[in-house]
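Rule-based calculations on the coordinates, nothing more; no lab input. Treat the numbers as computed from the prediction; the structure is a model and nothing was measured. Neighbour counts run over all protein chains shown; Cβ positions are idealised from the backbone, glycine included.
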Amino acid sequence: MKIRIKGASLRLRLSKSEVAKLVHEGMVEDITPFADKVFRYAVERKDSGDALSATFAQDTMTMSVPAQLVRDWDTNRLVTIDAHMPLPTGESLYLLLEKDFQCIDKTDEDQSDNYTNPNQIC
């Protein structure tokens, strides 16, 4: 799982096996270790709601996605799920959950579990 954060925007990209795990088991998570703590990030399937949401508690960022939005996501052509989550300040946090495609350009990253890129350039 890849995470990208910029301002009030949070984007997670999932590989094929991570999408399948989310669909069939209900949760995918990863960690980034630091010297004295671990940052955890996860995507969980939830039975209620109709839009993405996110929380940050106990050094863990969790994006929740309604089950109806990821039903058959591992076998269908839907690429992205997104939402603007209202914040108490009156602003919103943009959330984006997407399938991770293989990059056409050179990279040292292992992309064997990513989706085939439908484009010719990355």
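Some notes on this structure:
- Taking a Cβ cut-off of under 15 Å around THR75, the surrounding Lys, Arg, Asp and Glu residues balance to a net charge of +2, with basic ones at +1 and acidic ones at -1.
- Measuring r between the beta carbons of HIS24 and SER92 and using R0 = 41 Å, the FRET efficiency lands at 0.85.
- In order along the stretch 76-84, phi translates into HN-Hα couplings of 9, 8, 4, 9, 10, 10, 9, 6, 9 Hz, rounded to whole numbers, per the Karplus curve 6.51 cos²θ - 1.76 cosθ + 1.60 with θ = phi - 60° and x for Gly and Pro.
- For the stretch 2-99: lysine pairs under 24 Å (alpha-carbon distance), excluding those fewer than 8 apart on one chain: 12
- Taking one quarter of the surface of the C-alpha convex hull of the stretch 2-99 gives a mean projected area of 6.7 nm².
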